[in-house]
Amino acid sequence: NYRFEFDGTDVYISSDISSVTGGRSLNATIGAVSDYRPFFSQNPVVLASGAVACPVTMLSNAELSSETTAAATFTKLLKHNALFSSTDDAWSMVLIDTSDFGDFCAWEPFVVENRERVYVYSRNLDARVDDEDFMLVASSDDGGVTFSASVSTNMLVPSNRGYALKVQDSRWVMTHTDHPQE
């Protein structure tokens, strides 16, 4: 087993599960908040470059957003989507910018790659938006090193976990599990 450790937003893996190694924190620091922990909700994807890309939501342990009137504490927690990438044993993390939609809305990202771009789709947890804004997308023209800011996909979908499966070199199937919202 390995554990992810952080130095700010730099990611390290550790095989030492008895203590934090090298003085690094188990929680990432994003902006001025230093209590983010990773929530892996999707399978990793091997990109054309050979890098392993792990979509993750960085979830605050306690910091709440002032950008929502939601009642549930979970919904109000600060959240950022990110992509952990690895070639060999070197890990990096790139944040996926969803700030145009709120600092609480990022959730359950997943990765799709075609010949030109890498895409990170994100679920939008803001229940105030229209159905076509429940899924956001950010794109990368450099193999997943940097990403554009997320925009609405304008796809009519329910607010639930998305998933994409590569079925051939250039063909993906995207599914959603439909369930009622609370």
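The values are calculated or read from the model by the stated rules, or taken from the named source; none is laboratory data. Please read all numbers here as calculations on a predicted model, not as lab measurements. With ideal geometry, Cβ positions are generated from the backbone for all residues, glycine too; neighbour counts draw on all protein chains shown.
Per-structure values
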item: Those residues of segment 87-133 which are assigned to a strand (DSSP E or B) and surrounded by fewer than 17 Cβ atoms within 10 Å (Cβ to Cβ), in sequence order; result: 87, 90, 92
item: Boolean, residue 41 is touching a strand residue (DSSP E or B) at 6+ places or on another chain (Cβ under 7 Å), closer than 21 Å to residue 129 by Cβ, not in a strand (DSSP E or B) and not charged (D, E, K, R); result: yes
item: Any pair with Cβ under 6 angstrom, 6 or more apart, that starts in segment 116-139 at a residue that is among the polar types (S, T, N, Q) and ends at one that is part of a strand (DSSP E or B); result: 122/81; 122/106; 122/109; 122/136; 124/136; 139/119
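Yes/no per residue for (1) of a type in the set (Phe, Trp, Tyr); (2) modelled with pLDDT of 90 or more; (3) within 23 Å of residue 8 (Cβ to Cβ):
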{"position": "57", "(1), (2), (3)": "no, yes, yes"}
{"position": "96", "(1), (2), (3)": "no, yes, yes"}
{"position": "101", "(1), (2), (3)": "yes, yes, no"}
{"position": "109", "(1), (2), (3)": "no, yes, yes"}
{"position": "122", "(1), (2), (3)": "no, yes, yes"}
{"position": "145", "(1), (2), (3)": "no, yes, yes"}
{"position": "155", "(1), (2), (3)": "no, no, no"}
{"position": "171", "(1), (2), (3)": "no, no, no"}
